[in-house]
Every structure is written in structure tokens, then in C-alpha cells.
Amino acid sequence: MIKRGQEIVDLKLAGMDFRGLDLSGGMFIESDFTGADLSGANLKGSAFAGCGLSRATLERAVLDRCNFHRVDASAATMAGATMHGTSFYDTRLADARLDGVEGDVIGISNCDLTGTSLREIKSEMLVFYGARLDLTDFSGSLLDGATFYQADLRTAVFARCSFERAIFSECDLSEQVFRGQSFNLCQFPDAKLAGCDFDEATLRQCNFKGARIEGASFRRATAAHSVFVGAHLDGVAFNGGHFFQSVWADARLIGADLSGAHLEQCVFHRAQCGGARFPDARLAYADFSYADLRDADFRGATLMRTKVHRAALEGTKFSDRGGLLLKEDALYEAEAYSARRPSHRDPPRPRGEPGASEQAAEKDSQR
């Protein structure tokens, strides 16, 4: 039937033996494969719609370019299968085993992977969209290029995983432990990372823009050239971490501990650092322009051409202010010029909204 191009519709195939058979290109609709053995079968280019694959065995099967739509594959075994260009949509994969699966692009949308094992999976691009991932086990997997969107990953297991160019957009990873793990060029935009443990982790050129990371720990982490723009970092421990040339503009660091951290050439424009601790931190060429540094502690910090242009310094503690640049002349002159700029030179704006020159003049007068 498959070779003649016929659709396999509403057939009862539960428990049958299909081991090693060539079933490539099959169109399986509303058919029951419950408990069937498809070990080593060639299912390349096949489509399963509304089928039952619960407890089926597909170990070492060829599932390249397969499409699974509204399939119940709970407790199915697909260990060692190949999945190049394979997609799962609205499919139940709870308690399934996909250990050692290999593929280039694997798409998983609106699927239930509760308790699913994906240990040591290898994929060039693994995409999860709207997937349920409670207790999903990724231990030892190469998650390079993986994309997780709006996923709840609080109970997922990532032990010994490798992450490169992975994306965790708007995901909840609260309380996860990534101690000593490596993240290279990874993205965490608007993610929830409260209480996460990144101690001694490598986070090269990672992006935490807008992430909520309150109470997390980055002790002795290596995170050069990382981005924390607009991140919520209240109470986070960065002790002894390496953050060379990282960007912290508009971040909240209230009560954060950056003692002994390497922060050379970092940018803290407009950062809220009230009560933050910087003892013994290395701050050569760091830029705190417009930052709120009230009650922050910089005692023992290495200051060399460290900019605090127009920063709020009430109650700030310094051992020595000799390395501070309290006012950057060129920037101060530019601000003064902006304040004097005629209002008719401003771009069009909504009625009632002040122009750039009025805003600059108002800020200057407040200071």
C-alpha cells in the first residue's frame, strides 16, 4: 500500500512487528501502532496524523523529514533514531525516550514532553515552541543552536550539557543550577533566572537583556563581553567574577555584591547600584555615567580613569577618589550645547511633549 502511494487510514496495527522494514514515504492517518516494534525501520519522509504510537519501539529508526501531528507517542522509545528535518506538532511525548537521537533541525511545537528523556541528543538546531518540559532530561546533550521560547524549564535537567548559540527567550529557568557549565554566545532575553546558580560558569558573550536574575549567583564566573542591559540583578553575587568589557546599562544592581570582580572597561550607564558592593573590584576605565551609586561601597577598588559623570554619589564610600573622573569635559560640553539648542531644531513631536532641548535644560537645572 505504501509503495502504491495509498494512505494508511484507520488500521489496527497494535503490537505488530515492522523491524527493519522500508516504510519510507508512508501516510499514516488515525492508525494504531500502540506497542508496535519499528526498530531500525526506514520511515524517511513519512507522516503520522492522529495516530497512536504509545509504547511503540522506534529504536535506531530512520525518521528523517518525518512529520508527527496530533500523535500519542507517550512512553515510546526512539533512542538512537535519526531525525534530520523532523517535526512534532501537538504531539504527546510524555515519558518517551529519545536518548542519543541525532538530527540537524528538529522542531517541537505545542507538545507534551513531561518526563521525557533526551539524554545525549545531538542536533544542530533543536526548536521548542509552546512545549511542556516538566522534568524533561537533557543530560549530556549538545544543545548548540537550540531554541526555547516561553518554556517553563524550572524542573528540566541540564546536567553536563553543552550550550553554544542557544536561545532561551522569555523562558523560566528559576533556581536552575548551571555551576561550572559553558555557555557560548547564548541568549537569555527577558528570561526568568531568579536564584540560578552560575558559579564558575563560562558565559562568553552571552546576552541577559531584560532578564530577571534577582538572588542568583555568578561567583567566579567568566563572562567577558556579556550584556546585562536592563537586567534585574538585585542581590546577585558576582564575587570574583570576570566581566571584562561587559555592558550593564540601565540594569538594577541594588544590593548586588561585586566584591573582587574584574570589571575593567565595563559600562554602567544609568545603572541603579544603590547599596551595591564593589570592594577590591577592578574598575579601570569603567564608566558609571548617570548611574545611581548612592550608599554603594567602593572601598579597596582599583580605580583608574573610572567615570562617574553626573552619577549620584550621596553616601558612596571610597578609599581613594584619585582614579575617578568626576566630569567628562567633552560630554559635559555636548550636554551644555544640547541645552542651548533652539527648540525649532528639534524633530516633530506629539503636542504637549517637551523637545530634546527642553528636556536637557530641565535635567541640567535639576542637577
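Every read-out reported here was derived from the displayed coordinates using simple, explicitly stated rules and does not represent laboratory data. Just so you know, these numbers come straight off a predicted model, no measurement behind them. Glycine also receives a Cβ, built like all others from the backbone with ideal geometry; neighbour counts cover every protein chain displayed.
Descriptive notes on the structure:
- CD proxy at 222 nm, helix term only [per DSSP H run n ≥ 4: -39500 (n - 2.57); per residue of the chain; nearest 500]: -2000 deg cm²/dmol
- Quotient of C-alpha Rg and 2.2 N^0.38 Å, computed over the chain: 1.32
- Cα gyration tensor shape of the range 202-309, rounded if a/c is under 1.5, else prolate or oblate by comparing a/b with b/c: rounded
- 10 Å binning of all Cα-Cα separations within the range 95-196, expressed as whole percents from 0 upward: 17, 57, 26, 1
- Residues in the range 16-31 reached by a label modelled at LYS3 [backbone nitrogen below 18 Å; 7 Å Cα→Cβ]: 18-27
- Relative contact order %, the chain, counting alpha carbon pairs below 8 Å whose residues are six or more apart: 5
- Given charges at beta-carbon only (K, R positive; D, E negative), |dipole| of the range 122-207 in Debye: 160
- Residue (of PHE128, ALA231, LEU43) at the positive-pole extreme of the chain, dipole from beta-carbon charges: ALA231
- Rounded to 10°, Cα long-axis angle of helix 329-340 versus longest principal axis of the chain: 90
- Note on the range 146-165 and the range 59-119: Cα centroid distance 16 Å, given to the nearest whole angstrom.
- When +1 charges are put on Lys and Arg Cβ atoms and -1 charges on Asp and Glu Cβ atoms, the dipole computed for the range 152-293 relative to its Cα centre reaches about 240 debye.
- Computed on the Cα trace of the range 252-296, the radius of gyration divided by the Kirkwood hydrodynamic radius gives Rg/Rh = 0.93.
- Folded to 0 to 90 degrees: helix 356-366 orientation relative to the chain principal axis, Cα: 60
- Distances between every pair of Cα atoms in the range 1-145, grouped in 10 Å steps from 0 to the bin holding the largest one, split as 14, 49, 31, 6, 0 percent.
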